[in-house]
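Reviewing the structure listed below.
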Amino acid sequence: MPAARYKRLVDAFAARIRAGELRSGTQLPTHRQLAAREGVAVVTASRVYAELEAMGLVSSEQGRGTFVRDQTVPPGHGIDQHALGADTVDLNFNYPTLPGQADLLRRALRELAGSGDLEALLRYQPHGGRERDRAAVATHLLNRGLDTTPDRIALVDGAQHGLTVTALAALQPGDVVAADAITYPGFTVIADALRLELAPIPTTSTGPDVDALARLCRHRPVRAVYAMPTLHNPLGYVMDEDVRQQVIAVARRYGLLIIEDASYAYLAHRPPPPLAATAPDITVYVSGFSKNVATGLRVGYVVAPQTRMPAIERAIRATTWNTPAVTTAVVTRWLEDGTVDRLEADKRADAERRQAIAQNILTPLRQQAYPSSYFTWLPLPDDARADRIAAALARQRISVSTAEPFAITEHVPQAIRLALGSTDLSTLAGALTTVRRAIDDDRHR
Ligand SMILES: Cc1ncc(COP(=O)(O)O)c(C=O)c1O
């Protein structure tokens, strides 16, 4: 078929969608129907829809069809951080800070300014961090049930960077990495950038389906598994001891590297030990000080098997050289004087309060969440459309995420993720009431 004809079809659809003639949620003809109607091959019809999807104009849902996307919610919403107006309530990204944290920072910077350490902070630091910083992290990790040594710790610019350097150090383009079918979008961004193939594992409310992981490993050359055993974002599960043992057994059997993301682990109440504690030789543990202290610090860490440390330090060298020395020094002081422990306890209580408000207001909607977590996952009834709800909320100045950024399957479930940690406690209840109303309204359209 001549390219011009294919392009004309794309342009015609695009124009009708942009003009509002094809409204959001409109179901488009099947690939076959479009092919028959336009007298083109089915592959051409599929190509037209693929291009429209790449333009962010339609979304295809396996088994259901192709639908016009709501244009108020830009593609990448929930992945890329778009600037929000001051009047918008952010239930999309989590950057939990407590009242008084700015004063803590002010005091810490004053103390740092008066210390003899300052000169050293003007220079490059060792790639994996100074001995003192790494030792402070090692002590902190005892609280998480991880007994490790400073030489197995490298400081990074936040957990996102920790995941990136782990992937750079351990994986090659084309490698297959297993991950929950619904997973943290930042890992998908890394996989895209490094040309890794993410293979979805079906997920239950208690963790990944380990049999499905084993089946996948039998059929595909899986190199690693990305897991969030202690407080999965966004599903909120904490794997029990038994599931952890099963994941480790599959990893050992098939030679997988475990990438354990523990960014929200501090919120869990007495969880089983991390995978890295039970299987330190095959696990890289990644976490940081964004969610428990402040996202702007950009300080995190990885704990890796000794043999992997040189490659990880090389990847840090390639991407940043070292973490920002000043904020790392502040974090180290806060680790040493107990501030981090106090903030973690306060944030656990804060998250529990916010989660209780959400449970209360959003009942009787289905909710999947951990009792002291900063987010909740709302699987929607089949007749509701998440993008339409997100768009309706955006018009009411509330930003939420659909399942789209979290799904690594072709089929994206209809679900909304709410981040509860960013908005003032005083505005949270009102915003959640608006969310519940928007979901109800969508169902009764
Ligand atoms: C599961 C998970 N991992 C990693 C990150 C990245 O965090 P950081 O700010 O430490 O880079 C986030 C941030 O939301 C997260 O939710």
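The values are calculated or read from the model by the stated rules, or taken from the named source; none is laboratory data. Bear in mind the structure is a predicted one, so any value in this text is a computation, not a measurement. FYI the Cβ positions are ideal-geometry reconstructions off the backbone, even for glycines, and counts take in every protein chain you see.
If only one of Asp103, Asp90 is among the charged types (D, E, K, R), under 30 Å from Ser372 (Cβ atoms) and within 28 Å of the chain's Cα centre (by Cα), which one is it? If you could, list the steps in order and put the result at the bottom.
Values: Asp103 fails: within 28 Å of the chain's Cα centre (by Cα).
From the options Asp103, Asp90, the qualifying one is Asp90.
Conditions tested, residue by residue: (1) crowded, with 22+ Cβ neighbours inside 10 Å; (2) more than 14 Å from the ligand (Cβ to nearest atom).
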site: Asp157; (1), (2): yes, no
site: Thr164; (1), (2): yes, no
site: Val177; (1), (2): yes, yes
site: Ala214; (1), (2): no, yes
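Being outside the structural domain of Ser24 (by TED's automatic domain parsing), touching a helix residue (DSSP H, G or I) at 6+ places or on another chain (Cβ under 9 Å) and of a type outside the set (Val, Ile, Thr) narrows it down to one of Arg395, Arg385, Arg366, so name that one. Quick ask: steps written out before the conclusion?
Working: Arg395 fails: touching a helix residue (DSSP H, G or I) at 6+ places or on another chain (Cβ under 9 Å); Arg366 fails: touching a helix residue (DSSP H, G or I) at 6+ places or on another chain (Cβ under 9 Å).
Among Arg395, Arg385, Arg366, only Arg385 is outside the structural domain of Ser24 (by TED's automatic domain parsing), touching a helix residue (DSSP H, G or I) at 6+ places or on another chain (Cβ under 9 Å) and of a type outside the set (Val, Ile, Thr).
If a residue has to be in contact (Cβ under 8 Å) with a residue 24 or more places away in the chain, of a type outside the set (S, T, N, Q) and either part of a loop (DSSP other than H, G, I, E, B) or outside the structural domain of Pro185 (by TED's automatic domain parsing) (or both) to count, how many in the stretch 256-300 make the cut?
19
Within the stretch 115-223, which strands (runs of 3 or more DSSP E) (wholly inside it) include 1 or more residues that are of a type in the set (A, V, I, L, M) and not assigned by TED's automatic domain parsing to the domain that holds Asp281? Full working, then the answer.
Numbers: elements: 153-156, 176-180, 197-201.
No strands (runs of 3 or more DSSP E) qualify here.
Among the listed residues Leu365, Leu378, which satisfies the condition of being within 24 Å of Pro185 (Cβ to Cβ) and surrounded by 20 or more Cβ atoms within 10 Å (Cβ to Cβ)? Lay out the reasoning, then the answer.
Details: Leu365 fails: surrounded by 20 or more Cβ atoms within 10 Å (Cβ to Cβ).
Step by step, each of Leu365, Leu378 is checked, and only Leu378 is within 24 Å of Pro185 (Cβ to Cβ) and surrounded by 20 or more Cβ atoms within 10 Å (Cβ to Cβ).
Taking Val40 as meeting all but one of (1) β-branched (Val, Ile, Thr); (2) assigned to a loop (DSSP other than H, G, I, E, B); (3) touching a Phe, Trp or Tyr at 6+ places or on another chain (Cβ under 7 Å), write down the number of the exception.
All conditions pass for Val40, except number (3).
Every residue in the stretch 1-37 that is out of contact with any strand residue (DSSP E or B) (no Cβ under 7 Å at 6 or more places or on another chain), in contact (Cβ under 8 Å) with a residue 40 or more places away in the chain and part of a helix (DSSP H, G or I), please.
So in the stretch 1-37, the residues out of contact with any strand residue (DSSP E or B) (no Cβ under 7 Å at 6 or more places or on another chain) come out as 1-16, 18-21, 29, 31-37.
Okay, now just the ones that are also in contact (Cβ under 8 Å) with a residue 40 or more places away in the chain, so 1, 6, 10, 13-14, 18.
Those that are out of contact with any strand residue (DSSP E or B) (no Cβ under 7 Å at 6 or more places or on another chain), in contact (Cβ under 8 Å) with a residue 40 or more places away in the chain and part of a helix (DSSP H, G or I): Tyr6, Val10, Phe13, Ala14, Arg18.
So for the stretch 417-425 (the condition being more than 30 Å from Leu142 (Cα to Cα) and over 20 Å from the mean Cα position of the chain (by Cα)), does at least one residue qualify?
Initially, the stretch 417-425 is screened for residues more than 30 Å from Leu142 (Cα to Cα), giving 417-418, 423-425.
Narrowing the set further to residues that are over 20 Å from the mean Cα position of the chain (by Cα) leaves 424-425.
Scanning the stretch 417-425 turns up at least one residue that is more than 30 Å from Leu142 (Cα to Cα) and over 20 Å from the mean Cα position of the chain (by Cα).
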